[in-house]
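The values are calculated or read from the model by the stated rules, or taken from the named source; none is laboratory data. Since we're looking at a predicted model, the values are computed, not measured. Positions of Cβ are generated from backbone atoms using ideal geometry, with glycine treated the same way; all protein chains shown enter the neighbour counts. Only protein heavy atoms, including side chains, enter the accessible area calculation; ligands, DNA and RNA are left aside. Shrake-Rupley method; radii C 1.70, N 1.55, O 1.52, S 1.80 Å.
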Amino acid sequence: MRKIVGLLLIFGFGFYLVTIIGPVVFPSSTGEKASVGVEVLKNEVAEVGAANTVTSVVVLYRGFDTLGEVTVLFLAALGLTLLMKGEKHLQAKLFDESFILKTGSYLLFPFMILFGMYIIVHGHLTPGGGFPGGVIIATGYFIIVMTSDVVRLREGLVSFLEGLAGLTFIGLGLVGLFKPADSFLFNFLSKGTFNTLLSAGIIPFIYAAIGIKVGSELTGAVGNMFFSPYGRQKDA
Amino acid sequence: MHNILANLVSVEWIIYIASFGLILTGLFIVFTDKNLIKIIIGLDMAETGVNILIVAAGYIKGNTAPIFSKASLTPAQMTDPVPQALVLTSIVIGFGVTALALALVVRLYQKTGSLDVSKIRGLKW
Amino acid sequence: MVNPILLIVVPLATAFFIPIFSLIWKGGSKYLALLAALFNIAVASELLVKVKNGPIHVTIAGYKAPIGIDLLAGHLGVVFALIISVIGFLVLIYSISYIKGGWLDRYYALFLLLLAGTTGMVLTNDIFNLFVFFEIVCISSYILVAYNQDSHGLEASIKYLILGSIGSTLFLIAIALIYMKMGTLNMADISDKIGGIDSASRMLIIVLLITGLGVEGALFPLNSWLPDAHASAPSTISALLSGFVIEVALIVLVKLTYSVFHATSILVFLAVLGVTTLLIGEFAAFRQENIKRALAYSSIGQIGLILFALSLNTEAGIRAGMFQIINHAASKSILFLASGYMILKTGSYLYKDYRGIAKKMPVSAFLFAVGALSLIGVPPFLGFFSKIQIIMAAAATGSVLNLWLIAAVLLGTIIEGIYFLKIVIVMFSGTGEELSFSGGAPFGAVLPIILLGLVVIAGFVFLPYLNTVNTSVAQEIVKHLSLAQLF
Amino acid sequence: MMQYLFLLLVLIMLGSAVSIIFIKDLLSAVIVVTVVSLVASILFLFIAAPDVAITEASIGAALTTVIFVIAISRTRKKIDKQD
């Protein structure tokens, strides 16, 4: 019964989407599109000077969305901490700590952090940036926490970094309010030389803050899913 | 013959079919499945479908990624960067919601010992 | 010049700062949260004075409107920012004594994010930015509903989350269609361009947006999460969720319908939907024995009334609806906050156990009665004026359908009167000896209720001022947004 | 020629999406949803959105799978104990 109703609902919705809107949505010809994005593409190099347009949209043009997005992750990490706090019994170790696994993770760790940093810092030049970079850093951290006895998930440190990075983001944005521009997130630094690391004004700095924030938030979120409130316990 | 087929199988059509297919399948799972984790999987899939739809909104056939990696590239040869930025946001938001939902499900499981929607008192709707 | 963006950014920054601050001073986060809410009250009231000279329009990152994101702090935004920060501040004061368990730093951070999200929703002038703030509001409410971590709260939260996620998926589809058809995300720009697109896709966009926002706004078929969520959340959170969160979703929906999509033809449907929601809410509330569930269903009823008033398609209707929003925000917060300590002290959610509670907690019981009477619409209180305005506005439209709807509203009011009076009579009868606890609510918890009660009791003094403000809000909603006006 | 490859990918994706309806085992369902995410990220790469592709692959495919697997393992443990 439930399935039939669901099927009917979905088919109805799908029918509506595809038949009534089909001709609208499916374009018959690829004409010139007039959109905000086209405007952005035209002016981006002169206005911002980042080689990767998506990054300049994410960080500057629609930077306020990104602030909200980082807040959503912050919220998720907060919620996971809150919900998982009451949980006392835990899974046993995920892996047996073999020598190879341990050594391998120690060897891998610095490279993953380095790689994550690289991706974050080059966000305005190549694809990538704060979000994937943050994920890589968090993953590197996890690998070492999961395999090693010595390194623990430091809740305090994680939330400290998280808060600090968030405040850096907002702080950099608020500087824009003091300038004659009087606009939040105003790009108050010079554009620099196009296609070099220190170009595009505040973008690399904000993306670094986003990367750190995303990395620590994901560490906090996934970590709380994995471990007890503070560190991994030995046995269930 | 080849020409007709090529027109029929245009990239835009395929993208839209993919996105609508994912959205509808995802919502179908949400409406019909009784397992909470499956429901969350369905939401996740619908989310992916919507993301494809948004990126498709900015896709211009034959154009390159909106990155000025070579000096010869002009803005007219690039796809629209704005939808891509929106999708970055939406992917991250989707992850946040999924993580939270799973945490809630795990906690609920510890309280009630069940993942079945129809067995948990308040979840019938 | 005070920038309206501070209303959003300062609570956000404070919420980010709280985890750091709690490492230095455990338990100090509540003062930080209070400070942020006070700051918002100050900024919002200053903006309320400034906004008389026309809406304040600020761009973000210095890019002009359709390209960058911008905020539009008109009367609507500023009035709502003020309501949100005042109620938020009062509930925060209440929280200090009421919320004891759980992880307090996290509670205050979530609280501030909820305030920031709702403020962002009313201030933003960009549809995707609206979505982002909508998600912030949704996610912080999911977590706060489950704050007590009992099985009821978790169930309610999951139910809310699933429905909310479906809603936001639909919202995103609408955004994708908007960008496909018009290539813009700015609301003023959409309003300029919406006339140029075909009616089928315009209709689809509006329907998807209404369904998406309607989940949070608790429209009739989409509101099954509300009673569970509002009943199992901590009382402070119920006060917030009922007090302004659903209203914000509703007013944004109405604003989009009027001034962005110009879809006045859909308003009749919304008015009927509103009255249906009202009747269903009131009938369901009538049958409840759990006091919080009764209040939650009553919220559904009130939401229906507000939606009915807002979708009358006249300025008077929107003015009356705004009035009712203000009344409902104050009264429902009183009811939830007053019942919070009653539940805590008696240990029971059933109102039949509150016999004689007026002897033990006279102030709370008295103000509960005030809030209930105001919601019913009994003369000296604020609710009387708002309800009269709604009925007058509906009658003034002169359509026969609206007369029938007025009759339905009156029927709803009678039912509402019966169940609220039932609860109040239980509270005021008996000697109070059967109640075993001693001592009423602490002063910190009574003070916010008294302040809100003053608004409801003495509200008619400010009636002319409220009317002028609400009229400007109504004029702003009815007027079509346009990019040209902003610069 | 490219679009036939493209069509094949989409068919794989939709096929795995529909198959989730019938899969009872949660872990397999999660693996299949990972396939959907990965194919989606390839699609993003095809339609000139490398940023989205990277993010979808790292967040949508990898991290989401991780948390799903953790959640499933946490909701299974108790059943084993009860048995």
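For this structure, a couple of remarks:
- When the C-alpha to C-alpha distance is required to be over 30 Å, the pairs from A:Lys213/C:Lys26; C:Lys30/C:Lys255; A:Lys102/A:Lys213; C:Lys30/C:Lys52; C:Lys52/C:Lys193; A:Lys213/C:Lys30 that qualify are C:Lys30/C:Lys255; C:Lys30/C:Lys52.
- Placed amide H near B:Thr64: partners under 5 Å, 5+ positions off or other chain: B:Met78, B:Thr79
- Relative contact order %, chain C, counting alpha carbon pairs below 8 Å whose residues are six or more apart: 16
- Annotation: aspartates and glutamates with alpha-carbon distance below 12 angstrom to A:Lys3 (same-chain offsets under eight excluded): B:Asp33.
- Counted charge near C:Ala358, where neighbours are those whose Cβ lies closer than 15 Å (Asp, Glu -1; Lys, Arg +1): +3
- Surface accessible to a 1.4 Å probe, C:Glu315 within the full protein complex, Å²: 80
- Shielding score for C:428-435, defined as the mean number of other chain Cβ atoms within 10 Å: 0
- Dipole magnitude for chain C: computed about the Cα centre from +1 point charges on Lys and Arg Cβ and -1 point charges on Asp and Glu Cβ, it is near 520 debye.
- Computed from the C-beta positions of B:Ile17 and B:Ala76, the FRET efficiency with R₀ = 22 Å rounds to 0.20.
- Accessible surface comparison of C:Leu35, C:Leu312, D:Leu38, probe 1.4 Å, protein chains only, largest first: the order is C:Leu35, D:Leu38, C:Leu312.
- Summed buried accessible area for D+B [probe radius 1.4 Å, Å², rounded to 100]: 3800
- Taking a straight line from the alpha carbon of C:Lys292, these aspartates and glutamates sit under 20 Å away, with near neighbours fewer than eight places off in the same chain left out: C:Asp150, C:Glu155, C:Glu216, C:Asp228, C:Glu247, C:Glu282, C:Asp353, C:Glu416.
- Theoretical FRET efficiency, 1/(1+(r/R0)^6), r = Cβ-Cβ of A:Lys102 and C:Thr431, R0 51 Å, to 0.05: 0.10
- Entry comment: accessible area of chain C is 29 Å² per residue, from protein heavy atoms only and a probe of 1.4 Å.
- Relative contact order (percent, whole number), the range C:308-429, Cα cutoff 8 Å, 6+ residue spacing: 33
- When you filter the trypsin sites (Lys or Arg not before Pro) in the range B:33-71 for DSSP loop state and at most 14 other Cβ atoms inside 10 Å of their Cβ, you are left with B:Lys34, B:Lys61, B:Lys70.
- Helix-only mean residue ellipticity at 222 nm for chain C, each DSSP H run of n ≥ 4 adding -39500 (n - 2.57), per residue, nearest 500: -24500 deg cm²/dmol
- Exposure ranking of C:Leu6, C:Leu161 by accessible area [1.4 Å probe, largest first]: C:Leu6, C:Leu161
- Estimated at the nearest 10 Å², the accessible area of C:Phe286 is 80 Å² with a 1.4 Å probe.
- DSSP finds beta bridges in the protein assembly as shown, and of those with both partners inside it, around 80 percent are antiparallel.
- Solvent-accessible area of A:Lys42, all protein chains in place: 120 Å² (probe radius 1.4 Å, heavy atoms, ligands and nucleic acids excluded).
- Dipole magnitude of the range C:1-125, debye to nearest 20 (Cβ charges: Lys/Arg +1, Asp/Glu -1, about Cα centre): 160
- Mean residue ellipticity at 222 nm, helices only, chain B: -23000 deg cm²/dmol; runs of at least 4 DSSP H residues each add -39,500 (n - 2.57), and the sum is divided by the number of residues.
- Projecting the Cα atoms of D:Val18, D:Ser73, D:Ala62 onto the charge dipole of chain D, computed from C-beta unit charges around the Cα centre, puts D:Ser73 farthest toward the positive end.
- Anisotropy class of the range D:2-82 from Cα gyration tensor, a/c 1.5 cut: oblate
- Solvent-accessible heavy-atom area per residue, rounded to whole Å², over chain D at 1.4 Å: 42
- Positive-end residue of C:Ser265, C:Ala42, C:Trp103, charge dipole of the protein assembly as shown with Cβ unit charges: C:Trp103
- Rough spin-label spacing in nm, given labels placed 7 Å along Cα→Cβ, for A:Leu9 and C:His480: 3.6
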